[in-house]
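Inspection log for the structure reproduced underneath, given as structure tokens.
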Amino acid sequence: MKIVVWQTAFLGDLILTTPLIKSLKNLYPESRIHLISKPFGKDVFKRNPYLDELIVFDKKKDSTISLIKRLRREDYDIAISPHRSHRASYVLFLSGIKKRIGFDRAGFSFLYTDKVPHRFDGIHEIERNLLLLTKLERYDKSRIDSLPELFLSEEEDRFFERFGLEDKKYITVAPGSKWETKRWTEEGFSELIDELVKMGESIVIIGGEEDVQVSKRIMDRLIHKSNVIDLTGSTSLRESFSVVKHSKLLISNDSAPVHIAVSFNTPVVDIYGPTVRDFGFYPYRNGVIVEAEGVECRPCGLHGHKKCPIGSFECMKKIKSDDVLEAVRKFL
């Protein structure tokens, strides 16, 4: 039995696919399971014992025709796509895979042999993805595992120690996001960090290279910098996993670091602006959401936007540092 899963969405979406891969292996332990993902899939699924092969596909660089030819050679029995793109639907169809499972709201969903309803009604993305498995002959609810997992080597696990950090003795803050409107205000983050430092907490700021300037502006605003380390743009993705895993708490926008923390059962304070809980990307366990009440324009989109559509950015500006601090105190 050979099964291929298609998930070429964002980093957080891929992390939330790990329970699907594990559950597939539980249902078909003798099977070969392959996954099609963006390049960062190599970091997310490194050392994952449930995946047999990763197929990297970058739509900006790689040939779709070449991918179809490769999938045809592999001769898969089943294809499953949590990703709702037109490309996923037609590539899996043209690959000649007999059983193709996807969502009814996917682009070109008529090309799937089996479809599952997709709704933004509060169900978590993990559970929504796992519903795809109900179309399998061997589906057995008792063999389904819904917790996301990331696997580190012993050396990777200890990366956080390079900065003099002690296990569960610091708070990690992730102020970035691919979508600008999903970022809480820099003023809010700086005020919150100052308050936490005054309370005796040590702070570590993380993010990718695209977040460097955001973190720098937050650092420039700080009054108390002695117990703050800015690692933004200085760690690999795998190294950031270690930092999040060993922190006592993560404070983040509605973005991938939330799901990294959940994978290690690190408590999360998740800040929501243009997005809402009903989309299903909230912390799956051990988390608290902070959001502005009474903002009628929420939600304005599934992913947020580069700029606020009405120019007010009210959904984030209404959230004050005291609001986030109140949520943080629940874990301290």
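The values are calculated or read from the model by the stated rules, or taken from the named source; none is laboratory data. Everything numeric in this text was worked out from a predicted model, so none of it was measured. We place every Cβ from the backbone using ideal geometry, glycine too, and count neighbours over all the protein chains shown. Surface areas here come from the heavy atoms of the whole protein model, side chains and all, with no ligands, DNA or RNA. Shrake-Rupley method; radii C 1.70, N 1.55, O 1.52, S 1.80 Å.
Quick notes
- Residue pairs meeting the criteria (Cβ under 6 Å; at least 6 apart or on separate chains; first closer than 17 Å to LYS2 by Cβ and among the basic types (Lys, Arg), in region 86-109; second assigned to a loop (DSSP other than H, G, I, E, B) and open to solvent by 50 Å² or more (accessible area, probe 1.4 Å)): LYS99/THR113; ARG100/THR113
- Any hit, region 75-85, residues being within 23 Å of VAL44 (Cβ to Cβ), among the β-branched types (Val, Ile, Thr) and open to solvent by 30 Å² or more (accessible area, probe 1.4 Å): no
- Matching entry among VAL290, VAL214, VAL197 (being closer than 30 Å to LYS46 by Cα, outside any loop (DSSP other than H, G, I, E, B), among the hydrophobic types (A, V, I, L, M, F, W, C) and in contact (Cβ under 8 Å) with a residue 24 or more places away in the chain): VAL214
- One residue stands out among those in region 296-326 that are surrounded by 19 or more Cβ atoms within 10 Å (Cβ to Cβ) and among the aliphatic types (A, V, I, L, M): the one that is nearest to ILE251 (Cα to Cα), which is VAL324.
- Residue ID - nearest to LYS168 (Cα to Cα), chosen from residues in region 314-332 that are in a loop (DSSP other than H, G, I, E, B) and either at pLDDT below 95 or of a type in the set (D, E, K, R) (or both): LEU332
- When THR134 is tested against the conditions (1) of a type outside the set (Asp, Glu); (2) out of contact with any strand residue (DSSP E or B) (no Cβ under 9 Å at 6 or more places or on another chain); (3) exposed (fewer than 13 other Cβ atoms within 10 Å of the Cβ); (4) in contact (Cβ under 8 Å) with a residue 12 or more places away in the chain, the lone failure is (2).
- Residues located in region 220-235, provided they are surrounded by 17 or more Cβ atoms within 10 Å (Cβ to Cβ) and either within 15 Å of THR185 (Cβ to Cβ) or at pLDDT below 95 (or both): LEU222
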